[in-house]
Every structure is written in C-alpha cells, then in structure tokens.
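Read the structure below first, then the notes.
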Amino acid sequence: MPILLLAEHAGRSLSDQTAKALTAALKIAGFSGAEIHVLVAGADARPAAEAAARLAGVTKVLLAQDAALAHQLAEPLADLLVALAPAYDVILASATASARNVLPRVAARLDVMQVSDIVEVVSADTFKRPIYAGNAIQTVQSSDATLVITVRAASFAAAAEGGTVPIEAIAGGTSTGLSRFLSDALAVSERPELASARRIVSGGRALGSVETFRDVILPLADTLDAAVGASRAAVDAGYAPNDWQVGQTGKVVAPELYIAVGISGAIQHLAGMKDSKVIVAINKDPEAPIFQVADYGLVGDLFEVLPEFDRALRS
Amino acid sequence: MKILVPVKRVVDHNVKIRARPDGSGVELANVKMSMNPFDEISVEQALRLKEAGKASEVVVVSIGPAKAEETLRTALAMGADRAVLVETDASVEPLAVAKILRGVAEAERPGLILVGKQAIDDDCNQTGQMLAGLLGVAQATFASRVEIEDQTARITREVDGGLQTIEVTLPAVVTVDLRLNEPRYASLPNIMKAKKKPLERKTPADFGVDIAPRLRVLWTEEPAGRGAGVKVASARELVAGLRNAGVV
Ligand SMILES: Cc1cc2nc3c(=O)[nH]c(=O)nc-3n(C[C@H](O)[C@H](O)[C@H](O)COP(=O)(O)OP(=O)(O)OC[C@H]3O[C@@H](n4cnc5c(N)ncnc54)[C@H](O)[C@@H]3O)c2cc1C
Ligand SMILES: Nc1ncnc2c1ncn2[C@@H]1O[C@H](COP(=O)(O)O)[C@@H](O)[C@H]1O
C-alpha cells in the first residue's frame with residue numbers, strides 16, 4: 001500500500017518542509033516499493049497542491065478543501081487522516097508544529113505508536129531518532145500495522161521537482177465543534193525562514209533588550225541574507241519572538257552557516273543547531289560550552305565584534 | 001472542576017546522559033532524577049487555576065517505578081491535592097501511557113487535563129495529543145496562555161510562525177509550553193504536609209492496558225561528536241575563514 005505524506009503549507013504556498021519529508025518517504029519507498037501520495041488539506045489550498053504535484057517521486061496529490069480545515073485544527077484534520085488511513089501503510093509528515101499537533105492524535109486512534117522526529121531511515125520499518133535532546137540516537141523498529149512518522153526536516157535534503165502528477169479532489173473534513181480558531185499572530189518577514197535558511201544568525205541573553213537585539217543582530221542577518229534565531233533565554237526575556245527559538249523545544253535547524261552570538265551553548269540549545277555545517281560562536285567567555293562545537297570561535301564582546309564583523313563582510 | 005495533571009519522572013535536565021557502549025541504552029544508574037520540566041509548568045498552571053477559583057481539585061498522576069512517588073510528592077508539595085501512582089518497572093511508551101491516562105480520566109472525570117508538551121527523555125511530544133484522541137475530546141497543544149471560561153478554554157499556542165489562539169470545548173487536553181508560567185518551589189512546611197496527602201496505588205492491569213512496547217529499540221548510541229574548530233583572533237580573520245569555507 002502507498003505512503004501518505006501530509007503536506008505542510010500556508011494556505012496558498014507549499015512549505016519546503018514537505019519536500020524534505022518527501023525525501024524520507026522516498027527512502028522508505030526505496031525499501032518497500034510503495035507509491036507516495038501527498039495530502040494537501042486546507043480551505044483554499046489548490047496552489048499548494050499544484051506545487052506538491054510537481055515534486056519528483058509523488059504519484060498522486062489528494063486535495064481536501066473545507067472551511068473546517070482552514071487552520072489545521074487537530075480534530076477535523078485527524079478525522080480526515082483516520083478516514084484515509086486504511087488505504088495506507090505509512091502516514092508521515094515533517095515534524096512541524098502542525099504535524100506534531102495532529103499526527104499523534106491520528107496514531108492513537110489507529111492504535112499505533114508514533115515514531116517521532118526520525119533523522120534516518122534504516123529500512124522500511126526501522127528508523128533512527130534522537131532522544132535526550134540529541135545526546136543519544138536510538139534505532140527503533142516498529143511492529144505496528146500502520147506507521148505514523150514525523151520527520152526531522154533538517155536531516156533530509158529537499159526532494160527535487162519533477163514532472164507533474166494528477167490532483168484528486170477528495171471530501172474535506174467537517175467541523176467537530178470541539179475547537180474553534182480565534183486568531184493568529186504570525187510574523188510577516190522578508191527574511192528567509194528559519195527552518196529552511198542557508199544561513200542563520202542567532203542571539204542569546206547577552207543581547208540584553210529587544211532594541212539591542214534588533215540593532216545588533218538584524219543588520220548582520222541582512223548583510224548575510226540570513227534568518228534570525230534566538231536562544232530560549234532571549235525569547236523568555238522578550239528580546240525575540242517565540243518562533244525564533246532554536247533548540248530541543250524550539251526549532252531544529254541545520255544551515256550551512258550558524259552564527260551564535262552571546263549564547264552559552266546549553267545542551268538544549270545545541271540540540272537544535274549542532275548539525276549545522278559551519279558553526280561560528282562569538283562569546284566573551286572563553287570557557288563557554290558553545291566553543292566546543294564551533295568551527296570558528298571568536299572570544300570577545302559582541303558589541304565590539306559584530307560591527308567589525310559586519311564591516312569585514314561588506315568589504 | 002477537577003484538573004488532572006500527569007507528571008513524569010525523568011533524568012534531570014542538567015545531567016548530560018551517556019549511552020552505554022554496548023548499545024543497550026542510556027546509563028541511568030546513579031543519575032539525578034526530577035519531574036519533567038514541562039510537568040512542573042502544568043502543575044503550576046493547575047494550581048493557579050485552583051487559586052483563581054476556576055478549579056476545585058488538582059489530581060496528579062504518574063506512570064512509572066515505585067520511585068515515581070517522589071515526583072508525585074513534589075507535585076503534592078507544590079500544592080496538588082492528591083496523587084495516583086500507576087506502578088510498573090517497565091518502560092512505558094506514550095501510546096500505553098495515554099491509554100492508562102484515559103482510564104484514570106474515565107474514573108476521575110476531570111474538566112481539564114494539563115499535560116507537558118514533551119518529556120525531555122524520549123522527546124516524543126505525543127502523549128497529550130494521543131490522550132485527547134483516545135478520549136475523543138478537544139486538544140490544544142503548546143500552550144503559552146490558558147484562560148478558562150465556563151464550558152470552554154481559550155488557549156494561545158506557540159506555533160511555527162508565531163502564535164495562534166483557539167477556543168476549545170471542555171473537557172479538553174491542553175499541553176503546556178515553557179513560557180506558560182514560572183513554576184513555584186515547594187516550601188519546607190509544604191514538603192512535610194505533602195507526605196500525608198493521599199496517594200493511591202494502581203497498576204497498568206487495573207486499567208486493562210497492555211503495555212508491551214510497539215517499538216523495539218535495536219540500538220542506542222551517542223551521536224558523532226563534532227570536534228572544536230579553531231579560535232580566531234579578530235572579525236577579519238573570521239571572515240577570511242568563512243570565505244575560505246565557502247559559506248559567505
Ligand atoms: C526543558 C528545557 C528546554 C529548553 N529548551 C531550550 C531550547 O529549545 N532552546 C534554548 O536555547 N534553550 C533551551 N533551554 C534553556 C537552556 O538550558 C539555556 O538556559 C539557554 O539556552 C541559555 O540561553 P543563553 O545562552 O542565551 O543564555 P546564557 O546561558 O545566560 O548565556 C549568555 C552568554 O552570553 C555571553 N555574553 C554575555 N555578555 C556578552 C557580550 N557582551 N559579548 C559576548 N558574549 C557575551 C555569556 O558569556 C554567556 O555565555 C531549555 C531548558 C529546559 C530546562
Ligand atoms: N510515564 C508517564 N507518567 C506520567 N505522565 C507522563 C508519562 N509519560 C508522559 N507523560 C506526560 O506526557 C507528556 C509528554 O510526554 P511525551 O509524549 O513522552 O513527550 C509529559 O510531559 C507528561 O505530562
């Protein structure tokens with residue numbers, strides 16, 4: 001039976017998290033020979049479905065459109081997935097906030113144990129996943145009839161585009177009346193998205209205020225065309241919004257370049273960035289643990305170093 | 001309204017764990033254990049709701065070894081009213097935990113169940129959602145704000161792009177995120193009082209739950225470490241290095 005990949009999208013645009021989860025799905029298909037169908041569920045999501053239909057390796061796109069699916073509320077989306085489940089061996093998605101919300105609900109209703117946050121496909125039923133903030137990696141084999149999996153997107157490259165496959169409209173969910181969407185406070189930014197950026201500049205508690213965070217970190221990020229991240233301490237203190245948090249309980253990223261500014265390097269922060277290709281640490285404490293994972297360490301006061309860094313980059 | 005709060009005993013978040021060299025698991029002998037940090041937050045939230053007159057009783061429950069009683073006593077010392085210990089020495093997966101919690105919820109009939117977003121040992125982030133699915137009730141995950149009305153709760157959730165606010169019908173399962181509150185410390189007199197608070201002992205079999213794992217752990221290893229690189233003396237040297245590496 002085929003694999004069902006739940007697409008991550010923002011209504012009209014498809015997130016590249018989907019193409020990364022597709023790579024994991026293709027690896028599973030490499031063992032099982034299964035076809036891959038992508039489910040796009042939303043209220044006004046045809047453009048996202050069209051983008052999904054262009055991804056190489058996908059054989060069919062299912063498009064479920066209903067007002068009840070507009071905000072990816074867990075209850076109607078789970079109803080839809082549970083209804084589709086009997087036709088699939090594997091249901092998987094990138095481990096986004098939305099998928100982490102809905103997939104365990106689906107797994108429980110199917111009486112299966114979800115395999116969360118896989119970083120490697122070992123075989124059709126065996127996967128590697130991090131535990132203890134990534135301080136250990138477990139290889140687990142599932143014995144369940146249906147596999148429900150979330151994929152750590154940072155560990156997989158995005159699948160390429162290919163030809164285009166058919167889009168099949170299917171019945172959407174219906175509102176369950178259990179939950180209602182009230183409002184969103186979503187950041188709109190011209191900057192690259194944290195989860196998929198090639199470069200990231202992250203600030204920590206050392207930034208001291210929302211103003212300094214803005215005045216010191218953002219110009220450097222602009223020079224580098226980088227996304228902006230933050231430590232939990234910086235987010236808790238209100239210097240940066242919650243969706244910038246990198247770490248065990250925030251976003252897991254693996255850009256080509258990660259620059260940690262005034263971040264000590266607690267294990268919970270490292271959990272979110274230590275697979276970056278090149279890590280730079282700027283910290284005034286030569287003993288800061290962040291230097292143990294940094295390819296380039298610069299000991300110094302960030303308020304002196306960053307303007308020089310910015311100037312040197314521009315020259 | 002009664003609030004049910006599951007609390008898990010986990011390796012303390014300050015401990016850097018080691019995988020056993022023979023791949024058989026993580027070394028847990030003589031390691032400091034604590035309440036899962038997210039569960040401290042859910043206990044705190046339950047207590048605040050009770051103090052605000054929105055809840056009448058806070059019941060904490062843990063599934064784990066006899067020593068999980070310590071975790072429950074900590075929650076009782078913070079101010080929870082009573083505890084249920086579902087005792088087992090086996091390691092219980094989130095699906096089975098959720099099934100046991102369903103049994104507890106069916107017996108206790110809470111109006112609200114506050115679950116941690118994630119246990120910092122297995123990092124599964126699924127138990128609360130599973131429980132909501134099994135009970136067929138509403139769920140609101142990753143909460144950074146919780147307001148209780150009569151029959152509903154208004155929850156602000158931390159999502160990928162920022163914040164989302166939803167309203168759920170009660171009873172509901174809410175999973176809590178780190179920024180919801182700052183948990184209190186238990187005072188010494190309260191720690192003494194907690195010793196006398198009621199604690200009921202059960203087993204998974206009492207709820208008719210089969211806890212046999214669905215995932216077989218074949219191997220546990222430490223990730224490939226990354227060696228420290230070089231220290232550079234100046235911003236110019238840093239830029240030169242990055243240009244060399246081809247990342248700027
Ligand atoms: C359950 C749990 C989950 C967590 N999840 C996360 C998570 O997802 N992400 C996360 O980041 N954290 C997380 N944490 C928190 C983590 O343990 C640390 O507390 C946090 O990462 C510290 O942030 P920080 O490095 O900015 O602050 P600090 O540890 O205070 O470090 C500040 C650093 O700035 C340096 N500094 C100060 N002034 C200057 C200056 N002028 N110039 C240069 N350097 C300077 C200091 O030397 C220090 O190293 C979690 C904790 C728990 C318990
Ligand atoms: N053994 C357990 N006993 C009590 N609560 C648990 C247990 N396991 C998980 N939980 C609850 O489920 C949450 C999420 O755990 P997990 O899904 O394993 O990441 C925890 O924060 C606890 O609130």
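Okay, residues lined up against (1) in contact with a Ser or Thr (Cβ under 9 Å, 6 or more places away or on another chain); (2) within 30 Å of A:Pro307 (Cβ to Cβ); (3) at pLDDT 95 or above:
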| site | (1), (2), (3) |
| --- | --- |
| A:Ser98 | no, no, yes |
| A:Val112 | yes, no, yes |
| A:Ile137 | yes, no, yes |
| A:Glu168 | no, no, yes |
| A:Arg191 | no, yes, no |
| A:Arg198 | no, yes, yes |
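If you go through segment A:194-214, how many residues are surrounded by 13 or more Cβ atoms within 10 Å (Cβ to Cβ), among the charged types (D, E, K, R) and without any contact (Cβ under 8 Å) to a residue 40 or more places away in the chain?
Total meeting the criteria: 1.
Identify, please: which residue in segment B:207-220 is of a type outside the set (A, V, I, L, M) and exposed (fewer than 15 other Cβ atoms within 10 Å of the Cβ) and is, among those, farthest from A:Val115 (Cα to Cα)?
Checked segment B:207-220; the qualifying residue farthest from A:Val115 (Cα to Cα) is B:Gly208.
Which condition from (1) away from every other protein chain (no Cβ under 11 Å); (2) within 12 Å of ligand 1 (Cβ to nearest atom); (3) of a type in the set (A, V, I, L, M); (4) touching a residue at least 40 places away in the same chain (Cβ under 8 Å) is the one that A:Val252 breaks?
Against the list (1) away from every other protein chain (no Cβ under 11 Å); (2) within 12 Å of ligand 1 (Cβ to nearest atom); (3) of a type in the set (A, V, I, L, M); (4) touching a residue at least 40 places away in the same chain (Cβ under 8 Å), A:Val252 comes up short only on (1).
Can you name every residue in segment B:121-136 that is more than 7 Å from chain A (Cβ to nearest Cβ) and either under 15 Å from B:Arg109 (Cβ atoms) or more than 16 Å from ligand 1 (Cβ to nearest atom) (or both)?
B:Leu131, B:Leu135, B:Gly136
I'd like to check something: does segment A:88-99 contain any residue that is over 23 Å from A:Ala52 (Cα atoms) and either in a strand (DSSP E or B) or more than 16 Å from ligand 1 (Cβ to nearest atom) (or both)?
There is no residue in segment A:88-99 that is over 23 Å from A:Ala52 (Cα atoms) and either in a strand (DSSP E or B) or more than 16 Å from ligand 1 (Cβ to nearest atom) (or both).
Name the residue, out of B:Ile41, B:Ile63, that is within 16 Å of ligand 1 (Cβ to nearest atom) and out of contact with any Gly (no Cβ under 6 Å at 6 or more places or on another chain).
On inspection, the qualifying residue turns out to be B:Ile41.
Step by step: first the residues of segment A:291-315, then only those that are under 12 Å from A:Thr223 (Cα atoms) and at the interface with chain B (Cβ under 7 Å from one of its Cβ atoms), then the one that is farthest from the chain's Cα centre (by Cα). Which residue is that?
Taking the candidates together, the pick is A:Ala312.
For segment B:192-248, enumerate the residues that are part of a strand (DSSP E or B), within 7 Å of chain A (Cβ to nearest Cβ) and within 30 Å of B:Ile63 (Cα to Cα).
B:Leu215, B:Arg216, B:Val217, B:Leu218, B:Trp219, B:Thr220, B:Glu221
Out of (1) touching a residue at least 40 places away in the same chain (Cβ under 8 Å); (2) out of contact with any Lys or Arg (no Cβ under 6 Å at 6 or more places or on another chain); (3) surrounded by fewer than 19 Cβ atoms within 10 Å (Cβ to Cβ), what's the single condition that is false for A:Lys274?
It is condition (3) that A:Lys274 fails.
Can you say whether A:Pro130 is modelled with pLDDT of 95 or more, facing another protein chain (nearest Cβ under 7 Å), under 18 Å from B:Asp122 (Cβ atoms) and touching a Gly at 6+ places or on another chain (Cβ under 8 Å), as far as the supplied structure shows?
Answer is no for this residue.
The values are calculated or read from the model by the stated rules, or taken from the named source; none is laboratory data. What you are looking at is a predicted structure, and each value in this text was computed from that prediction instead of being measured. We place every Cβ from the backbone using ideal geometry, glycine too, and count neighbours over all the protein chains shown.
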